[in-house]
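Here is the structure we will look at, set down as structure tokens.
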Amino acid sequence: MKCRHCRERAGWFTRVCADCQRLLAIYDLHKGQLGLPQFLDLFIETGLPRRKIEAFLDSALHGEGSVKDHILADMSTQLLGAMGVNTRQSAEDVKRLREKGIWRGMGERPKE
Ligand SMILES: [Zn+2]
């Protein structure tokens with residue numbers, strides 16, 4: 001079977017290859033606590049090829065947005081929370097904004 005994240009061969013009985021399992025474990029351990037740059041550092045520390053890491057970040061997670069979208073959604077929820085804005089950005093929101101090309105960066109509330 002092909003890995004659902006990097007599309008390389010995963011093995012007969014698994015949909016996620018060993019490399020992506022490592023990346024997923026790092027993501028699960030730190031999600032909601034780290035931003036994208038910190039995650040990138042941890043991913044690069046695994047020694048896996050950049051290409052693999054990028055494929056993983058761009059792959060879908062739980063069917064709603066990419067891994068990157070999830071990380072960005074967690075970051076923006078934290079930032080908005082820190083500013084006293086009580087909202088919850090979902091990965092789906094981030095994906096929608098990114099696709100519209102109106103995502104303006106972390107601290108700023110995107111406008112419709
Ligand atoms: Zn993989």
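The values are calculated or read from the model by the stated rules, or taken from the named source; none is laboratory data. Source: prediction; values computed, not measured. Cβ sites come from the backbone with ideal geometry, for glycine too, and all protein chains shown count toward neighbours.
All conditions in (1) within 18 Å of Arg22 (Cα to Cα); (2) surrounded by fewer than 18 Cβ atoms within 10 Å (Cβ to Cβ) hold for Leu34, with the sole exception of (2). If you check Asp69, Asp74 for being out of contact with any helix residue (DSSP H, G or I) (no Cβ under 7 Å at 6 or more places or on another chain), more than 13 Å from the ligand (Cβ to nearest atom) and assigned by TED's automatic domain parsing to the domain that holds Glu92, only one passes: Asp74. For segment 14-50, the set of residues classified as more than 10 Å from the chain's Cα centre (by Cα), among the basic types (Lys, Arg) and more than 11 Å from the ligand (Cβ to nearest atom) consists of Arg50 only. From the list Arg15, Arg7, Arg51, Arg22, which one is in contact with a strand residue (DSSP E or B) (Cβ under 9 Å, 6 or more places away or on another chain) and either of a type outside the set (A, V, I, L, M, F, W, C) or assigned to a loop (DSSP other than H, G, I, E, B) (or both)? The conditions single out Arg15.
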